[in-house]
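Here's the structure, in structure tokens; my notes come after.
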Amino acid sequence: MTRLDTTFAALSDPTRRAVLARLALGEATPMELAQPFAISQPAFSRHLKVLESAGLITRRIDGARRPCRLAPAAISEIDQWLAQLRKALETNYDRLDAVLAAMNPKEGKNVS
């Protein structure tokens, strides 16, 4: 759960979410990622470090370049957590459907 807390804390910032959205299109260098933002290079580097610490991005060395890419494992972890919530909601809705059907048997067949 600690990793998930770190992940959601990283996602709380709109700049970092925008960086992830850009990386969903493909790998990019930090300079390419920083272009749309009116912040200093050190401030942008801190955003990348937060994303990397949360396991949301990875960086590799390619000569003088340090391209970033999405880390699928972190995204998968978020998806698994959300799937648990979806399943709990579906169970609650199924129970509500059953209660409503029992309250009004004639219309219970038409409720979807």
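Rule-based calculations on the coordinates, nothing more; no lab input. Worth saying up front: this structure is predicted, and the values here are computed from it rather than measured. Glycine gets a Cβ as well: all are built from the backbone with ideal geometry, and neighbour counts include every protein chain shown.
Details
- Average projection area in nm² (convex hull over Cα atoms of the range 1-70, one quarter of hull surface): 4.5 nm²
- Of the trypsin sites (Lys or Arg not before Pro) found in the range 1-63, those that fall in a DSSP loop while having at most 16 other beta-carbon atoms within 10 Å are Arg60.
- Dipole in debye (nearest 20) - the range 38-81, about Cα centre, beta carbon charges: Lys, Arg +1; Asp, Glu -1: 300 debye
- Selection from Trp81, Gly26, Thr6, by position along the positive dipole direction of the chain (Cβ): Gly26
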